[in-house]
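Following this message is one structure expressed as structure tokens.
The values are calculated or read from the model by the stated rules, or taken from the named source; none is laboratory data. Everything numeric in this text was worked out from a predicted model, so none of it was measured. We place every Cβ from the backbone using ideal geometry, glycine too, and count neighbours over all the protein chains shown. Just so you know, the surface numbers come from the protein's heavy atoms only, side chains and all, with ligands and any DNA or RNA stripped out. Shrake-Rupley method; radii C 1.70, N 1.55, O 1.52, S 1.80 Å.
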Amino acid sequence: MATRSNLVNLDALIKREDFAASNEATTFETVNTISLRDFTPGGLIGPSLRKPDFQRETNHWVPDQVVSLLECFVNGDLIPSVILWQSPTYLFVIDGGHRLSVIKAWVEDDYGDGAISQSFFGYQISADQKKAADRTRELVAERVGKWQHYLARSNDTNLEPEERRKLSTAISRGIPIQWVRGDADKAENSFFKINTKGTPLDDLEELLLSNRRKPVPIAARAIIRAGKGHRYWSAFEQDVAKRIEESARNLHISLFDPELQTPIKTLDLPLGGPKGVRTALQVLIDVILIAIRNQQGLPKEVSNQEDDLDGSATVQVLDKTLRLIRRLTGNDGGSLGLHPAVYFYGPTGRHSGAMFMGTVTLLAKKIANGDGEFFKKFTSVRPQLEHLLIEQKDLVATILQKHSSKSRIDRYASVLDQTIRTLIEGKSVGEGDLVNFAGLEGKIITGATDSSPKKFSDDSKSEVFIRTALASAVKCPICDGYLDTIKSVSYDHIKRAEDGGAATAKNLQLTHPYCNQSIKN
């Protein structure tokens, strides 16, 4: 199975467009094929191609699949038809977005990191996306040859017969087109029928596409690209669109910057883990839902909300999410400045989705219930809690593994809540307590087993770095909890200004924003 980091992102090669506003049926004379020439300067069909807003993102193929398609193209092998629908203004790709994007990527030498992609993604291309693009480019050069090479040799009369055949095939062949006749509704229905067969939509894709006009998917897609890429919010008024983009950018920075590198060599870690689009999108949808739920736990699902017609609901969703995340990190006065290495990363330095989402769930419930006293009580036991989370990382990871993936978030939120309440009561919490809090009384819990590899793994390197770095990390002098000095720090007078304390380095200390604003004051 392909890892998400090995997928080639070709989403920029064919633009998206919302065609639902035009429900006209068109009559036209159709062409039967689309050729490589349509993607070269002066091509007619290429510039008119658009993906509908309900089309899945073009980021599902590994480098070998991209190159195999190009091999089929230059060798004259069978390539299935693409399916298009013509609106009064554009030609929409109903099926075949990957095939057509690969052909254009070959012409443009853009496999997710070229000029078109850089502009589309706001010049914020992830390391994983660049790595996949580099690998694809290497394989293309090795097994197919660059399109620029074909162009340069097109007038060479001394080509070998096999090379001449490939060149002739590449220039002259076309991919067959099937046309959808009818209006926009017919085209959309055709898409969903097609995608129940062959390579069907996965659960996340279906969720996003079938709820694409609802605020949570719009917000999640805005955050994942920091307000860049395709603007799913383009139909909203300009001032609303700007608010969406600004909030999305702030949330992206708070959750996913800096980009996670392995092995870990810094304690400046992203709270939300890796920013790979598909993995992070699920995290964002879950975080947003947690942030907007009321005391009754509503809405439970993305589909429980109405379509957002003017963008106001999306703005509200983003605002609520930003307020919640700023409780975890940042320099606002209410920020706890939770250190990601302590709270959100497992024993081997890998981001723990259950720990992150469980912590978010617990804090969101306290906020929704108006339990402001919780944060003061949490701060009073913070050093004991953090010591426990560091020393028992292996046990916590094992406990989470004992539960199904669907129940881990709520289970961890419960374990965390019970641990904090027990510490507040002045009691100690040990291994047995954690096991009991997790509902695993009487069950045998085993930790990680040692093996004897010959080389240090990235996990081992990350584990040792985090443990060593935390041993000498800066702590807040008010609560004695760990400080994330990059993302969340407050500059505090040791002796209060109102008590005559001077604004000098000798009278300055680094604290959590919440400790400075709500504990000390």
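I'd like to check something: does region 453-471 contain any residue that is closer than 28 Å to GLY372 by Cβ, surrounded by 13 or more Cβ atoms within 10 Å (Cβ to Cβ) and small (Gly, Ala, Ser)?
Checked region 453-471: no residue is closer than 28 Å to GLY372 by Cβ, surrounded by 13 or more Cβ atoms within 10 Å (Cβ to Cβ) and small (Gly, Ala, Ser).
Can we say ALA503 is of a type outside the set (Lys, Arg) and at pLDDT below 95?
Yes; evaluated as a whole, the condition is true for this residue.
Assess whether VAL140 counts as being touching a helix residue (DSSP H, G or I) at 6+ places or on another chain (Cβ under 7 Å), closer than 23 Å to GLN178 by Cβ and β-branched (Val, Ile, Thr).
No: the conditions fail for VAL140.
Of all residues in region 147-167, which are in a helix (DSSP H, G or I), aliphatic (A, V, I, L, M) and surrounded by 11 or more Cβ atoms within 10 Å (Cβ to Cβ)?
Of region 147-167, the ones in a helix (DSSP H, G or I) are 147-153, 161-167.
Still in the list and also aliphatic (A, V, I, L, M): 151-152, 167.
LEU151, LEU167 - these are the residues of region 147-167 that are in a helix (DSSP H, G or I), aliphatic (A, V, I, L, M) and surrounded by 11 or more Cβ atoms within 10 Å (Cβ to Cβ).
Can you find even one residue in region 73-90 that is open to solvent by less than 40 Å² (accessible area, probe 1.4 Å) and under 19 Å from LEU7 (Cα atoms)? Quick ask: steps written out before the conclusion?
From region 73-90, those open to solvent by less than 40 Å² (accessible area, probe 1.4 Å) are 73-74, 79, 81-85, 87; that's our starting set.
After this cut, where a residue has to be under 19 Å from LEU7 (Cα atoms) as well, the list is none.
Checked against the condition, which is being open to solvent by less than 40 Å² (accessible area, probe 1.4 Å) and under 19 Å from LEU7 (Cα atoms), region 73-90 yields no hits at all.
Condition check: in contact with a strand residue (DSSP E or B) (Cβ under 8 Å, 6 or more places away or on another chain), in a helix (DSSP H, G or I) and open to solvent by 10 Å² or more (accessible area, probe 1.4 Å). Does ARG99 satisfy that?
Here the answer is yes, as ARG99 does meet what is asked.
Hey, can you tell me all the residues within region 120-141 that are in a helix (DSSP H, G or I) and open to solvent by 70 Å² or more (accessible area, probe 1.4 Å)?
Selection gives LYS130, LYS131, ASP134, ARG135, GLU138.
Restricting the first residue to region 3-20 and requiring it to be closer than 15 Å to TRP233 by Cα, which pairs with a second residue that is assigned to a loop (DSSP other than H, G, I, E, B) and modelled with pLDDT of 70 or more meet a Cβ separation below 6 Å and a spacing of at least six or different chains?
ARG16/ASP53; ARG16/HIS230; GLU17/TYR90; ASP18/ASP53; PHE19/SER87
Right, ILE171: open to solvent by 50 Å² or more (accessible area, probe 1.4 Å) and not in a loop (DSSP other than H, G, I, E, B) or not?
Values: open to solvent by 50 Å² or more (accessible area, probe 1.4 Å): yes; not in a loop (DSSP other than H, G, I, E, B): yes.
Considered against the rule, which asks whether it is open to solvent by 50 Å² or more (accessible area, probe 1.4 Å) and not in a loop (DSSP other than H, G, I, E, B), ILE171 comes out as yes.
Please work out which residue is surrounded by the most Cβ atoms within 10 Å (Cβ to Cβ), limiting yourself to region 5-62 and to residues that are modelled with pLDDT of 85 or more and of a type in the set (Gly, Ala, Ser).
ALA12
Output the residues belonging to region 399-422 that are outside any loop (DSSP other than H, G, I, E, B) and open to solvent by 20 Å² or more (accessible area, probe 1.4 Å).
Within region 399-422, GLN401, ARG408, ILE409, ASP410, ARG411, SER414, ASP417, GLN418, ARG421, THR422 meet the criteria.
If you don't mind, there's one more thing I want to ask. Give me the pairs, please: first residue somewhere in region 46-71 and among the basic types (Lys, Arg), second residue anywhere and open to solvent by less than 30 Å² (accessible area, probe 1.4 Å) and in a helix (DSSP H, G or I), beta-carbon distance under 8 Å, and either six or more positions apart or on two chains.
What qualifies is LYS51/GLY97; ARG56/GLY97; ARG56/GLU205; ARG56/LEU209.
Continuing with this model, one more query. Could you list, in sequence order, all residues of region 353-387 that are open to solvent by 20 Å² or more (accessible area, probe 1.4 Å) and touching a residue at least 24 places away in the same chain (Cβ under 8 Å)?
Residues satisfying the conditions are GLY353, LYS365, ILE367, ALA368, ASN369, LYS376, LYS377, SER380, PRO383, GLN384.
If only one of VAL180, VAL144 is under 25 Å from LYS15 (Cβ atoms) and either open to solvent by less than 20 Å² (accessible area, probe 1.4 Å) or among the β-branched types (Val, Ile, Thr) (or both), which one is it?
VAL180
So VAL74 fits all but one of (1) within 32 Å of the chain's Cα centre (by Cα); (2) closer than 18 Å to LEU139 by Cβ; (3) of a type outside the set (Asp, Glu); what number is the exception?
Failing condition for VAL74: (1).
Consider LEU201 carefully, then state whether it is under 24 Å from THR58 (Cα atoms), open to solvent by less than 10 Å² (accessible area, probe 1.4 Å), over 13 Å from the mean Cα position of the chain (by Cα) and at pLDDT below 90.
No, not satisfied.
On to the next question. Tally up the residues in region 474-521 that are open to solvent by 50 Å² or more (accessible area, probe 1.4 Å) and assigned to a strand (DSSP E or B), please.
The total comes to 5.
What number of residues in region 44-59 are closer than 22 Å to ASP113 by Cα and either polar (S, T, N, Q) or outside any loop (DSSP other than H, G, I, E, B) (or both)?
Total meeting the criteria: 8.
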